[in-house]
Amino acid sequence: MSRVLWGVGVAGLVGLSVASLLIGPAGLTPLQAVSALIRGDALAETLVMREIRLPRAILAVLVGAALGLGGAAMQGYLRNPLAEPGLIGVSGSAALGAVLALQTGLAAAHVLALPFAALAGAVLAVLIILALAGPRGGSITLILAGIAVSALAGALTSLVLNLSPNPFAASEIVFWMMGSLQDRSMIHVWISAPFIGLGALILLSQGRNFDALTLGEDAAASMGVHLGRLRLALVLGVASMVGAATAVAGAIGFVGLVVPHILRPLVGARPSALLPASALGGAVLVLMADIAVRVILPTRDLKLGVLTAIVGAPLFLHLIYKTRLQGQL
Amino acid sequence: MKLTAPLTGPSTLALRRVSKALGAALALWAGAALAGPPERVVSINLCTDQLAMMLAAPGQLISVSHISHDPNVSVMLEQAQNYPVNYGQGEEVFQLSPDLVLAGTFTSSYTVSLLRRLGVEVAQLPIVNSLDAIPDNILEVGRLLGREVEAIALVAQFEADLTALRADSSDMRAALHYANNYTSGERSLAHEILTAAGFANVAAEAGLVGGGTLAMERLVMLMPDLVISGQPYPGASRSEDVLHHPAMDALRARHAAHALADAEWVCGTPAVLRAIARLAMLHEGG
């Protein structure tokens, strides 16, 4: 069963990646597109394929995987299906860090300042959430703390962008709150991929510890899980992935909520299986959303977060309702 | 009828009062119009700032818009620094007690109607979309300021310079590329600057009319010989990231020549001649 599921997932990822490379306003035939991408024969077509569409497709996969895996890890650690990086303010705080790095000129002075600043913002938010929600992650405190952190990060992001001397900055509040992959370049791939890869390694290596944690903290500790180390891995892993993803694509919400929710019944409740599956599922979801924004409004920059929220928010309401029925809220 | 009489009484009175006030205002306005050129002129639009500075008599122009002090868009920075600035707000402008306010068609309609309600004469000048419309604009400002002679001289100079500058059209194709992939197609001042300098505009080839966005993919596919970028502003923005996207840099790297669309491209004033001259030079050199 699980092997079939992985096969379907990987096939979907490959199919959607190809579709993402073939869809665009330049009007290339599939043959021209493939030839330009692989052989690089015609200059214009090659630039379109290698410098515009390829980074976009790669970033959709990286950002999606980061958000899906980040969500599954937060939920595994807090043992709460409502914990999602976007909803609890981790993405928003990462965006604030990124905006600060851009507007202070740090990002222009050093190329890695942007992802590091976003990572710092994300670390801060994860620490605040963990401190407020406590180790068990009670739903009410988690959501309330998340609302407060998101609201503050969003307000400060708007403030920084409104104070910028650049006349375009203020109009980009929407980008930082909703996310988009339009006109990104390979530079964005290079600055985000190492952080996302490192975060993924950290989180995936903790799969068995997350499994043990489903039995409760005491049981996990008695099985030899070092809870302090697990928490550190969670903070660094989630912040690294979500920070880098947000630095290049803005804050895209609900991916980390929708994907683990759909996959949990399919792969079983074991986090060690859910974590990699959510990375794959997140990549598929963001690829789909990024293709959809180009098909629905090809001439406008429709934000990814708009689509993920339309899918994710009703699901979030459903989850709250279910949690209440179970008497956990 | 009798019952309604007490009601109509005061209302007709009010009406009479209004019409009396209107009459007085009209008389005042007519008086001002007859009294000769305005003595206190305030400009609240970057483009009217420039025409007013070129044409006004000494002391006639008492304030220009703060945008005239922005080096990114203002071509007459040094001259503008001799004038106090305004931020185009109704209350602030009214306080200067102007007898003429020069504004653009897209100046906030609230500000314009507020000033008019307060009895200030406001002239709104249209956006200039072609080189041919520049003389009309100069003459209009000249008429408003009572400086017709100076305006006619300026127009004559402009037209002579333009005729001398106009380059033969060639097969060199240029693209304008601003923040957010904004560009200018046919029926825009930037398009006419390009064509006057002998370049074909690729955005017009793509069917764009006026200003608008053209996806970077499409711009790359059009393979322009010259990419003319917008001037980057201080501070950072994602909108301006597209100006130095690797794909655009690769297009630029194909030719040695490159150019910046700066303040000289913004307004329909004789400053566009300098933009045309610089472009035409590139064209001959490249």
Reported set for the range A:187-201 where residues are open to solvent by less than 40 Å² (accessible area, probe 1.4 Å) and over 19 Å from A:Thr104 (Cβ atoms) is A:His188, A:Val189, A:Ser192, A:Ala193, A:Phe195, A:Ile196, A:Gly197, A:Gly199, A:Ala200
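Report whether or not B:Ala277 is over 14 Å from B:Thr183 (Cβ atoms), buried (at least 23 other Cβ atoms within 10 Å of the Cβ) and among the small types (Gly, Ala, Ser). I'd like the intermediate steps shown before the answer.
On the way: over 14 Å from B:Thr183 (Cβ atoms): yes; buried (at least 23 other Cβ atoms within 10 Å of the Cβ): no; among the small types (Gly, Ala, Ser): yes.
For B:Ala277, the condition - over 14 Å from B:Thr183 (Cβ atoms), buried (at least 23 other Cβ atoms within 10 Å of the Cβ) and among the small types (Gly, Ala, Ser) - is not met.
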Return the residues of the range A:85-114 that are under 20 Å from A:Gly179 (Cα atoms), of a type outside the set (A, V, I, L, M, F, W, C) and open to solvent by 30 Å² or more (accessible area, probe 1.4 Å); say none if nothing qualifies. A:Gln103
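Yes/no matrix, rows are residues, columns are (1) out of contact with any Leu (no Cβ under 6 Å at 6 or more places or on another chain); (2) within 20 Å of B:Val73 (Cβ to Cβ):
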{"residue": "B:Leu154", "(1), (2)": "yes, no"}
{"residue": "B:Glu159", "(1), (2)": "yes, no"}
{"residue": "B:Leu176", "(1), (2)": "yes, yes"}
{"residue": "B:Pro224", "(1), (2)": "yes, no"}
{"residue": "B:Val227", "(1), (2)": "no, no"}
Could you check A:Ser164 against (1) closer than 28 Å to A:Arg229 by Cβ; (2) modelled with pLDDT of 90 or more; (3) among the polar types (S, T, N, Q) and say which number it fails? (1)
Which residue is most open to solvent (accessible area, probe 1.4 Å), if the candidates are limited to the range A:270-329 and must be closer than 17 Å to A:Val259 by Cβ and hydroxyl-bearing (Ser, Thr, Tyr)? A:Ser272
I want to confirm something. Restricting to the range A:141-165 and keeping residues that are within 14 Å of chain B (Cβ to nearest Cβ) and surrounded by 22 or more Cβ atoms within 10 Å (Cβ to Cβ), which single residue is nearest to A:Ile320 (Cα to Cα)? A:Thr157
Looking at the structure I just gave you, is A:Ala239 under 12 Å from A:Pro85 (Cα atoms) and buried (at least 24 other Cβ atoms within 10 Å of the Cβ)? yes
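Residues are listed down the side, and each one gets a yes or a no for (1) buried (at least 21 other Cβ atoms within 10 Å of the Cβ); (2) over 29 Å from A:Ile173 (Cα atoms); (3) acidic (Asp, Glu); (4) away from chain A (no Cβ under 14 Å):
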site	(1), (2), (3), (4)
B:Ala204	no, yes, no, yes
B:Met216	yes, no, no, no
B:Leu226	yes, yes, no, yes
B:Tyr233	no, no, no, no
B:Val242	yes, no, no, no
B:Met248	yes, no, no, no
B:Ala257	no, yes, no, yes
B:Leu260	no, no, no, yes
B:Thr269	yes, yes, no, yes
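When you check A:Ile173 against the structure, is it crowded, with 17+ Cβ neighbours inside 10 Å, assigned to a helix (DSSP H, G or I), more than 9 Å from chain B (Cβ to nearest Cβ) and under 20 Å from the mean Cα position of the chain (by Cα), yes or no? Even if it seems obvious, please write down each step before you answer.
Working: crowded, with 17+ Cβ neighbours inside 10 Å: yes; assigned to a helix (DSSP H, G or I): yes; more than 9 Å from chain B (Cβ to nearest Cβ): yes; under 20 Å from the mean Cα position of the chain (by Cα): yes.
In short, yes.
Would you mind listing the strands (runs of 3 or more DSSP E) fully within the range B:104-198 where at least 3 residues are open to solvent by less than 60 Å² (accessible area, probe 1.4 Å) and assigned by TED's automatic domain parsing to the domain that holds B:Ala277? Break it down stepwise before answering.
Numbers: elements: B:122-125, B:173-177, B:182-184.
Here the list reads B:173-177.
The values are calculated or read from the model by the stated rules, or taken from the named source; none is laboratory data. Just so we're clear, the structure is a prediction, and the values are computed from it rather than from any experiment. Here Cβ is always computed from backbone atoms with ideal geometry, including for glycine, and neighbour counts include all displayed protein chains. Surface areas here come from the heavy atoms of the whole protein model, side chains and all, with no ligands, DNA or RNA. Shrake-Rupley method; radii C 1.70, N 1.55, O 1.52, S 1.80 Å.
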